[in-house]
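The values are calculated or read from the model by the stated rules, or taken from the named source; none is laboratory data. Here the structure is a predicted model, which is why all the values come from computation and not from measurement. Because the Cβ atoms are built from the backbone with ideal geometry, glycine has one as well, and the counts that use them run over all protein chains shown. Note: areas computed on protein heavy atoms with side chains; ligands, DNA, RNA excluded. Shrake-Rupley method; radii C 1.70, N 1.55, O 1.52, S 1.80 Å.
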Amino acid sequence: MKKTLMACMMIMLMLASACGNVETTSNPNTSREPKAETEESIIPKNTSEYCTDDRINLDSETEKYFYGTWKVEKHLGFANSYNDASEYPTGQKFIGDELVIEKDFFSSKGLKKYKKYQYELKNPVYQITEACYNSDSFYRSYKILIPDLNINDEVKVIDISDPSTKLRIPVSVTFFVVNNDRVILLSEATIFELKKLLIK
């Protein structure tokens with residue numbers, strides 16, 4: 001009996017010591033390590049599938065940013081649609097040319113190499129014709145991939161009209177204002193980055 005009791009105690013001691021030394025392998029599904037956070041830049045905050053198409057006047061923040069003299073800085077690419085008037089592969093020869101966009105005056109006469117783009121207008125009507133609250137809705141409407149456009153960027157589409165006729169100016173220029181810190185020029189199916197000039 002003593003031998004059996006002693007054998008049982010030995011087995012229990014061996015089991016107890018073995019339990020204390022067991023290495024646990026972590027199961028990746030039950031790991032307590034914090035999961036990598038999903039980047040905000042790849043999840044749209046506003047999930048609107050389409051742009052709003054209400055024609056509204058510029059808000060004060062957009063006016064403050066949009067008004068000024070702009071220089072065409074670089075060619076960004078083309079819309080994913082065919083347009084005979086777009087000059088492949090570099091786009092229209094606008095680089096270095098200027099546009100004046102002021103509250104009481106608009107001029108595209110700085111686009112010097114093209115007679116058909118020469119236009120001036122006193123007291124133009126600037127309107128946001130569409131607002132896209134993420135890059136997906138913008139692409140869905142315009143079929144344009146703007147380099148460095150992030151998923152949560154807001155794009156306002158701005159048209160210019162003649163106050164007397166209420167018609168859009170007869171020059172193929174449209175402006176995309178991105179987050180009120182970037183202006184893109186669309187001409188035909190070609191897009192250009194604009195840089196605001198500081199006038200002394």
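Scanning the range 80-99 for residues that are within 22 Å of Glu130 (Cα to Cα) and touching a strand residue (DSSP E or B) at 6+ places or on another chain (Cβ under 7 Å) yields a total of 1. Of everything listed in (1) part of a loop (DSSP other than H, G, I, E, B); (2) touching a Ser or Thr at 6+ places or on another chain (Cβ under 8 Å), the single unmet condition for Asp84 is (2).
Restricting to the range 138-153, what's the tally of residues that are open to solvent by 60 Å² or more (accessible area, probe 1.4 Å), assigned to a loop (DSSP other than H, G, I, E, B) and either closer than 13 Å to Cys51 by Cβ or modelled with pLDDT of 95 or more (or both)? Explain how you work it out, then say what you get.
Within the range 138-153, the subset open to solvent by 60 Å² or more (accessible area, probe 1.4 Å) is 139-140, 143, 145, 148, 150.
If we keep only those that are assigned to a loop (DSSP other than H, G, I, E, B) as well, we get 143, 145, 148, 150.
From the residues that got through so far, the ones that are either closer than 13 Å to Cys51 by Cβ or modelled with pLDDT of 95 or more (or both) too are 143.
Looking only at that region, the number is 1.
Look at the range 161-179 and say how many of its residues are open to solvent by less than 70 Å² (accessible area, probe 1.4 Å), under 21 Å from Ser86 (Cα atoms) and either of a type in the set (Lys, Arg) or outside any loop (DSSP other than H, G, I, E, B) (or both). Step through it out loud before you land on a result.
Start the filter on the range 161-179 by keeping residues that are open to solvent by less than 70 Å² (accessible area, probe 1.4 Å), which leaves 161-163, 169, 171-179.
Subsequent filtering for residues that are under 21 Å from Ser86 (Cα atoms) retains 169, 171-176.
Next cut, either of a type in the set (Lys, Arg) or outside any loop (DSSP other than H, G, I, E, B) (or both) only: 174-176.
Residues that pass the stated criteria total 3.
Can you tell me which residue in the range 94-132 is most open to solvent (accessible area, probe 1.4 Å), limited to those that are assigned to a strand (DSSP E or B) and under 11 Å from Val171 (Cα atoms)?
First, pick out the residues of the range 94-132 that are assigned to a strand (DSSP E or B): 98-102, 105-107, 120-122, 125-132.
Then keep just the ones that are under 11 Å from Val171 (Cα atoms); that gives 107, 120.
Details: Ser107: 10, Glu120: 91 Å².
Step by step, filter the range 94-132, then rank; the result is Glu120.
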